[in-house]
Amino acid sequence: MQYDITSKFIVEKGKDVLLRHFLKRHAQSIELIASLPQELPSLKKSDYIVKIRDQDGREEIQIWEFKTVWKTQEILNLMEYTIRAKRNYRLPVTPILFLFLRNESAQRIYEDDRFRFHFELIKMWEENGEELFESEHYVLYPFIPIMANGEKFTLAAEEKLYNSNLEREAKSELLTALTIFAGLRDKDLCLALLERRRDIMMESYAYQLLKEEGIQEGWQKGRQEGRQEGRQEGRHEGRHEGQILGLRAGIQLALDCTYGEKARSVVQLMNDVESLKILQAVEKALRDKYELGVIEEILKKNE
């Protein structure tokens, strides 16, 4: 979901730059087709239809689909969109898939016993991250972490965005998007970026997704550690301890993301919480968006 939202922001704000940089096209005009839900009800948030007019007046429809991982069967959706767009707009249609994570099986042709479907495939991990960094295409900077050599330039890209002359709202969204994509390659890098620029990222909608992800990560870690402890020791206490450790870690991350420095003392208090019931109450308070004072009151019951 977070990649849908960040891709949507990039497409809406930088469709012309995206067309020039990744597709090497210089159009006279480019527009997002606004009536997608009615005309193509199966389209998802990460799918876009754009109408392009070249310098010579030639018009074309392009379908842009953004995918995190490669799934061969999902290419059928892209084929369906292409057929419908061809029927609806009576123009040449070019389907384009932007793939974020490396997969050696990814290819530009889908073929089975009946169909052979060609599309453009942009493998983001093969695109030059340094070249994008050296440009002024700020709206595309969030993609740098997942591009070739992108990790080397991620922190510098973040610095350029932060010190740019962009409006504060755009800067907030782009910094958050950069952080989200950094998480695809390196969770520690994602957290480092979050810590550096929380002051401005808190203003963006996508930041809320990072907070939610912190709690989900805690749940997953708790389940994994609980199962591991239970297998190793064969006792109920092992599973219980793992659940506490994981949920506590997730809550601490969520508190840090949500309240920043204000929650520092509360985060420290969490280290002493051994009650699963207390942790679950804190988790519920976070989900219900209660104030920090309410969470402190819950923790006092642990003393």
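Read-outs: derived from the displayed coordinates by stated rules, not from any lab. If you're wondering where the values come from, they're calculated on a predicted model, not measured in any experiment.
Quick notes
- Members of K15/K86; K13/K71; K171/K289; K24/K171 lying beyond 23 Å, as alpha-carbon distances in this model show: K13/K71; K171/K289; K24/K171
- Near F98, the amide H atoms lying under 5 Å from its own belong to E65, F66, K67, I122; only residues 5 or more places off or on other chains count, and H is placed 1.01 Å from N.
- Residue by residue, the range 62-74 carries 3J(HN,Hα) couplings of 10, 9, 9, 10, 10, 10, 6, 10, 7, 9, 4, 5, 6 Hz when phi is fed to the Karplus relation 6.51 cos²θ - 1.76 cosθ + 1.60 (θ = phi - 60°); x denotes Gly or Pro.
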